[in-house]
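Here's the structure we're looking at; comments come further down.
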Amino acid sequence: MGQFGIGQPLRRKEDPRLLRGEGRYTDDVNVDGQLWAAFYRSPHPHADILSIDPAPARAAPGVAAVFTIADLDADGVPDMPCEVELSDLSGRPMWKPMRPILARGRVRFVGECVAIVLAATQAQAREAAELLKVEYAPLPAVADSESALAADAPVLWEALGSNVPVHWQNQDSAPVDAAMAAAAHRVRVRIVNNRLVPSPMEPKAALAAWDAQAAKLTLWAPTQGGRRIQANIAKRYLRLEQDQLRVISQDVGGGFGMRGQTYPEFVAVAWAAKQIGGAVKWRADRTETFFSDYHGRDQVNEAEMGLDSDGRMVALKIVTLVNLGAYMAENGPRMPIEGGGRIIPCCYHAPQFHFSVKPVFTNTVSTDTYRGAGRPEANFLMERLMDEAARATGLPREEVRRRNYITQFPYRTPMGYVIDSGEFARGMDDALRMAEWSTFEERRTEARARGRLRGIGVAAFIEAAGGRAPTEDMRVRVDAEGAVTVFSGSHAHGQGHDTVFSQLVNEFLGVDPDRVRLVQGDTDVTPRGSIGTFGSRSSMMGGGGLKASCEKIVAKATLVAAHLMQAEPAAVRFETGVFRAGASETTFSEVAAAAWDARRIPEGMTPGLDESCLFQREAENFPNGCHVCEVEIDPDTGTPEIVRYVAIDDCGVVLNPLIVHGQVYGGVAQGLGQAMVENALYDADGQLVSATYMDYGMPRAHHMAHVEAGFNTTPCRTNPLGVKGAGEAGACGAPPAFIGALVDALRDHGVTHIDMPATPEKIWRAINRANAPA
Amino acid sequence: MKTKVTLNVNGQERTAEVEPRTLLVELLRDQLGMTGTHVGCDTTQCGCCVIHVDDKAVKSCTMLAVQAQGKKVVTIEGLAAADGTLHPMQEAFRDHHGLQCGFCTPGMVMMGVDIARRLPGADEKTVREQLEGNICRCTGYQGIVEAILSVVNPGAVKEHHHA
Ligand code: FES
Ligand code: FES
């Protein structure tokens, strides 16, 4: 490994620009003559729309237009589909509703878009939106998935007749029930996996400008890679050729899975701009993002594990409800089944496994991918079961895990996915050692003397990265001066691709990272087959495509070098930026210059040094790790304090440790946020109670502790770089490690579980309920 | 009805016509075209908009433009030297990987400079508490806390595990 190549903690290239305030996020862009858009949103969770009178809004100062679904329908704009296909055991397919861009006849959640208002200024647009007159006939509403199953629950979709569009199961439960009945120990848990708001710090925004001369629309919007949104909006909604829409996402203020989707607001803004033949800008305020960004998690899991007398799992049964919201988002029902199901039963071998999932409609905004997308839920469930298994068998928590770890690879999971590699016990041993697990009881005793309750938790987890879309398109161009431009299909919104891709180019071509430029987030120039960044796929997919493109560059450059040196191509070696054949040598830059000069290349060769690769992955990769969390609780207030946090991660080959650790820290914070403070709360009537940062707990610096992080590297065997994704690990490890520590601290109070978020109030109640005289 | 305000922004006298309800951050971003200061919320919670007004850290979403009349304002754009050389706090954020997407960063850096001015020698706990009004969704705060500590109290920076 060279000074700047793979594995070096290179400081980020993107930082100086961002640190000087020179980032260019969507709201930083303005177009002359742009109108501002505001959405009129439903105040009702469930209601029939009797009438819409846009006249008072149209008459307001500065207003240029008000559009409702009638205008979209008149133009033939179709509704939004869900891409997921599922069926029940009898083969009956899942029932799927379509979502209109603006509500048609009925609203089904608070914040659903009903109309879009265009005005000269943002303030005018917002004020006019408030003047819109909509008459409603309110309907009964239901917000949580369990209530939505009740026989008398309000039904969101009459055509379906219930709120459950499919009952999916991996297999009939009979064999698992038999194994469960015969088990020496049986443990059960019931877990409410709290609903979260992804909350990247940059609110959703969009600016669309129609250029009549070019017959082309440009859409600036924060996305995780614009190609899919480009194809969707251009072809489906605007009936344009794909290239008549240019999507630009230059700097994007965080993604976390919620920016891959085509939001109805994007479609409405793009359509409105085309309709008026001008430019339309919209920026959500934070409350709108709470109402309308797709939420994450929101599962209820009931699970049972059977173990033999040695503490080895013999059967596992998981019954899951996932709250879909009112509509089905692009990936909605995928979360537990493909999201979590890709890894379940996580790090452990389960000889018998039954998995049942019911997606449920409720009067809430849709749920979709959020950091981990089903895997944090699955890992949380398995780790709570393992802690319970330790209690039931009397084995130490680490020992019951050790006895059940998968140790033979490749390993085929009960759902048919193949895990290539991992060293789970080694990772746990490293974490326990770093966290001084063996001497914990001394610290518990010492804390007790100070009147504090101290506990420790351990959580093993596994992730699946790089999944779903099996290809990514990358292009590398070397100019005649030897400088390199990477045209990336994947997209960075915090992950540091500019730096890491430069390191890879340095590794493969020997070019100084400062001479590598990254082009991303502009569909006019990014590769055609670009997919984008999600599921921690950029290291494997982007990196793999980049490596293959660089190999093509070296192959062609070798022919040019051979021609220049008058050597046989087979005799030419390329090493650290220099081509050698016998005693002659020529540098990469010299070869690059020649490659663009038709007179200096072999006959029949096309000039240039510009290669691309539609990289096809062989398999997903399976990052994993073990986290240990130690907490102290103030029993008078119930306030928990994280006193130590250790994270050992297997992210495969580490391309840049600074950046990979950064991903781990960020994931841990989101995991601890879920475990400690975050909760998207709808009341029973379907009103979103937590719609600002005053009501929705965000993890802040003082909630967090310094994370001590290390790697347990097991190179991935199924991709050329040996990498495993790093983005979602922390969000998987932190919730069970933290809750495990809390429960351990409260074990003398008879506490066996606390649902997330474990707020001081919940903890205080748990302590005092236990203390209360019976 | 518009009002004229004159203020000094990053060493330059600037005058603008604003509505009484115009927020200082709107004046900076929309009228003066200085988009380094960001807006991340509507309730004074996130700190993406922190700037300095008369040498104090202020949330520019929570101050009216007219209140800045005659004041000295420094934004993130005014921190680095004219040739682009980063301010030591900016440099520290880079060294400690204190930013990912960069959206919270201008506010974090301005807050860090303010902490350094008020609380030299602050310990880790104090720095974390001082960041109560700044939210970062990407970094888990680790690099941010380390960066600020490296300026105010270098001995308190915890060792990194880059192995
Ligand atoms: S924009 Fe959030 S505090 Fe100012
Ligand atoms: S770096 Fe993205 S919000 Fe802080």
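The values are calculated or read from the model by the stated rules, or taken from the named source; none is laboratory data. Small disclaimer: the values here were computed from a predicted structure and weren't measured. Using ideal geometry, Cβ is built from the backbone for each residue, glycine included, and neighbour counts are taken over all protein chains shown. SASA here: full protein model, heavy atoms, side chains in, ligands and nucleic acids out. Shrake-Rupley method; radii C 1.70, N 1.55, O 1.52, S 1.80 Å.
When the Cα gyration tensor is reduced to axis lengths a ≥ b ≥ c, the ratio a/c stays below 1.5 for the protein assembly as shown, which is therefore classed as rounded.
For region A:1-76 versus region A:619-677, the inter-centroid distance based on Cα atoms is 32 Å. Phi angles across region B:74-80 convert, under the Karplus curve 6.51 cos²θ - 1.76 cosθ + 1.60 with θ = phi - 60°, into 3J(HN,Hα) values of 10, 10, 4, 5, x, 8, 6 Hz, Gly and Pro given as x.
Relative to the isolated chain, which residues of region A:685-734 have their accessible area cut by 20 Å² or more in the presence of all protein chains (1.4 Å probe, heavy atoms, no ligands or nucleic acids)? Relative to the lone chain, where solvent access is computed with a 1.4 Å probe, region A:685-734 loses at least 20 Å² at A:Tyr693, A:Met694, A:Met698, A:Pro699, A:Arg700, A:Ala701, A:His702, A:Met704, A:His706, A:Ala709, A:Phe711. Each principal axis of the Cα cloud of region A:594-660 was taken in turn, and the coordinate range along them, longest first, works out to 83, 25, 17 Å.
In terms of accessible area, using a 1.4 Å probe and ignoring ligands and nucleic acids, A:Ser162, A:Ser90 rank largest first as A:Ser90, A:Ser162. Taking 0.36 nm per residue of separation and subtracting the current Cα-Cα distance, fully stretching the chain between A:Ala231 and A:Arg426 would add 65.7 nm.
A Förster distance of 60 Å, applied to the separation of the beta-carbon atoms of A:Leu614 and A:Ala449, puts the FRET efficiency at 0.40. Using the 1.4 Å probe convention, the accessible area of region B:88-156 works out to 27 Å² per residue with neighbouring protein chains retained. Checking the Cα-Cα distances for B:Lys4/B:Lys72; A:Lys235/A:Lys274; A:Lys13/B:Lys56 against a 24 Å cut-off, the pairs over it are A:Lys13/B:Lys56. Membrane-span-like helices of chain A, defined as complete DSSP H segments with a Cα extent of 30 Å or more along the helix axis and a mean Kyte hydropathy of at least 0.5, are identified as A:543-565. Annotation: lysines with alpha-carbon distance below 19 angstrom to A:Lys204 (same-chain offsets under eight excluded): A:Lys281. Only the Cβ atoms of Lys and Arg (+1) and of Asp and Glu (-1) were treated as charged; on that basis the dipole of region B:3-78 about its Cα centre amounts to roughly 140 debye.
Put a dot 7 Å past the Cα of A:His749, heading toward its Cβ, do the same for B:Lys4, and the two dots end up 6.4 nm apart.
May I ask you to give the percent of accessible area on region B:3-78 that is carbon plus sulfur, with a probe radius of 1.4 Å? Of the solvent-accessible surface of region B:3-78, carbon and sulfur hold 46 percent. For region A:252-292, a crude dipole built from +1 on the beta carbon of Lys and Arg and -1 on the beta carbon of Asp and Glu, taken about the Cα centre, is about 120 debye to the nearest 20.
Here the Karplus curve 6.51 cos²θ - 1.76 cosθ + 1.60, taken at θ = phi - 60°, turns the phi angles of region A:245-251 into couplings of 10, 10, 10, 10, 10, 6, 9 Hz, with x standing for Gly and Pro. Solvent-accessible area of chain A (1.4 angstrom probe, protein heavy atoms only): carbon and sulfur portion equals 50 percent. Across all directions, the shadow cast by the convex hull of region A:170-274 built on its C-alpha atoms averages 10.8 square nanometres.
Gyration tensor analysis over the Cα atoms of region B:3-78 returns equivalent ellipsoid semi-axes of 17, 14, 11 Å (largest first, whole Å).
Here A:Asp172 and A:Ala151 are evaluated by their C-beta separation; at R0 = 25 Å the FRET efficiency comes out at 0.50. The distance linking region B:127-160 with region A:182-237 is 30 Å (Cα centroid to Cα centroid, whole angstrom).
For region A:351-461, report the accessible area per residue in Å² (1.4 Å probe, heavy atoms, rounded to an integer). That works out to 34 Å² for each residue.
Taking 0.36 nm per residue of separation and subtracting the current Cα-Cα distance, fully stretching the chain between A:Thr637 and A:Asp75 would add 196.4 nm. Mean sequence separation of contacting Cα pairs (under 8 Å, at least six apart), scaled by the length of chain A, corresponds to a relative contact order of 15 percent.
Overall, the anisotropy analysis places region A:1-113 in the oblate class: the square-rooted eigenvalues a ≥ b ≥ c of its C-alpha gyration tensor yield a/c not less than 1.5, with a/b not exceeding b/c. Under a model in which nothing but the beta-carbon of Lys, Arg (+1) and Asp, Glu (-1) is charged, the protein assembly as shown shows a dipole of about 160 debye around its Cα centre. Using C-alpha pairs below 8 Å separated by at least 6 residues, the relative contact order for region B:88-156 is 52 percent. Once backbone amide H atoms are built at 1.01 Å from N, A:Tyr348 has A:Ile406 as its partners under 5 Å, excluding neighbours fewer than 5 places away on the same chain. Summarising the label geometry, the points placed 7 Å from Cα in the beta-carbon direction at A:Leu160 and A:Ala571 lie 7.2 nm from one another. Put simply, the amide H of B:Leu23, placed in the peptide plane, has neighbours under 5 Å in B:Ala65, leaving out anything fewer than 5 places away on its chain. Whole angstrom only: what separates the Cα centroid of region A:279-346 from the Cα centroid of region B:1-61? Region A:279-346 and region B:1-61 have Cα centres spaced 41 Å from each other.
Taking a ≥ b ≥ c as the square roots of the eigenvalues of the alpha-carbon gyration tensor, region B:23-163 is classed prolate because a/c is 1.5 or more and a/b outweighs b/c.
Computed over protein heavy atoms with a 1.4 Å probe, the accessible surface of region A:584-738 works out to 30 Å² per residue.
For the chain pair A and B, the buried solvent-accessible surface (1.4 Å probe, both sides summed) amounts to about 4800 Å².
For region A:107-193, the Kirkwood estimate of the hydrodynamic radius, built from every pair of different alpha carbons, is 18.5 Å. Annotation: for a label point projected 7 angstrom from Cα along Cα→Cβ of B:Thr85, no residues of region B:48-69 have a backbone N closer than 19 Å.
Between A:Thr692 and A:Glu442, the C-beta separation translates, for a Förster distance of 30 Å, into a calculated FRET efficiency of about 0.10. Among B:Val109, B:Val18, B:Val74, the largest mean-square fluctuation in a Gaussian network model of chain B, built with springs joining Cα atoms closer than 10 Å, belongs to B:Val18. For the pair A:Glu130 and B:Thr62, label points projected 7 Å from Cα toward Cβ lie 2.2 nm apart.
A helix-only calculation puts the protein assembly as shown at -8000 deg cm²/dmol for mean residue ellipticity at 222 nm, using -39500 (n - 2.57) for each DSSP H run of at least four residues, averaged over all residues.
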